[in-house]
Amino acid sequence: QVQLVESGGGLVQAGGSLRLSCAASGSIFAINVMGWYRQSPGKQREFVATIISYGGTNYADSVKGRFTISRDNAKNTVYLQMNSLKPEDTAVYYCQIVFSGITVWGQGTQVTVSS
């Protein structure tokens, strides 16, 4: 069984920074894609950023230049460094991994940005 454990969420003022972490454990041979999504109240879950096995990255336009995704393959961990946070970044952030055709989601971590 694969488990994702997220950490790093919290309350921060606009303009501040947070770093999210997501560690995967269990029967994982090789993780193809690791990523972050977010969901605000009343809205659908939306894409934030992904990073593939060799390091290629992709970002939503709304976070480009402010967020940076990275991964440590030895630790099966993905990070999301969030800088210049805005109130509209407030959401529950979910980690996702894809391996061997299987998609697994984390439980989510709350990020709240006050104005």
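The values are calculated or read from the model by the stated rules, or taken from the named source; none is laboratory data. Worth saying up front: this structure is predicted, and the values here are computed from it rather than measured. Every residue, glycine among them, receives a Cβ derived from its backbone with ideal geometry; neighbour counts consider all protein chains shown. Surface accessibility is based on the protein's heavy atoms, side chains included, excluding ligands, DNA and RNA. Shrake-Rupley method; radii C 1.70, N 1.55, O 1.52, S 1.80 Å.
Details
- The range 40-51, subset of a type in the set (Gly, Ala, Ser) and at pLDDT 95 or above, residue farthest from the chain's Cα centre (by Cα): Ser40
- Scanning the range 95-115 for residues that are within 21 Å of Ala23 (Cβ to Cβ), among the hydroxyl-bearing types (Ser, Thr, Tyr) and surrounded by 15 or more Cβ atoms within 10 Å (Cβ to Cβ) turns up just one, Thr109.
- When residues of the range 39-68 are limited to those that are of a type in the set (S, T, N, Q) and buried (at least 16 other Cβ atoms within 10 Å of the Cβ), the one nearest to Leu18 (Cα to Cα): Thr68
- Residue that is hydroxyl-bearing (Ser, Thr, Tyr) and at pLDDT below 95, where the choices are Tyr37, Tyr54: Tyr54
- First in the range 93-113 and in contact (Cβ under 8 Å) with a residue 24 or more places away in the chain, second anywhere and exposed (fewer than 11 other Cβ atoms within 10 Å of the Cβ), Cβ under 7 Å, 6 or more apart: Gln96/Thr103; Phe99/Phe29; Phe99/Ala30; Ser100/Phe29
- Subset of the range 69-94 (residues that are part of a loop (DSSP other than H, G, I, E, B), surrounded by fewer than 21 Cβ atoms within 10 Å (Cβ to Cβ), modelled with pLDDT of 95 or more and not charged (D, E, K, R)): Asn83, Ser84, Thr90
- Check on Gly35, open to solvent by less than 60 Å² (accessible area, probe 1.4 Å), assigned to a loop (DSSP other than H, G, I, E, B) and either within 30 Å of Ser115 (Cα to Cα) or free of Cβ contacts under 8 Å to residues at least 12 places away in the same chain (or both): no
- Restricting attention to the range 1-32, the residues that are part of a strand (DSSP E or B) and either of a type in the set (Gly, Ala, Ser) or within 17 Å of Leu85 (Cα to Cα) (or both) add up to 12.
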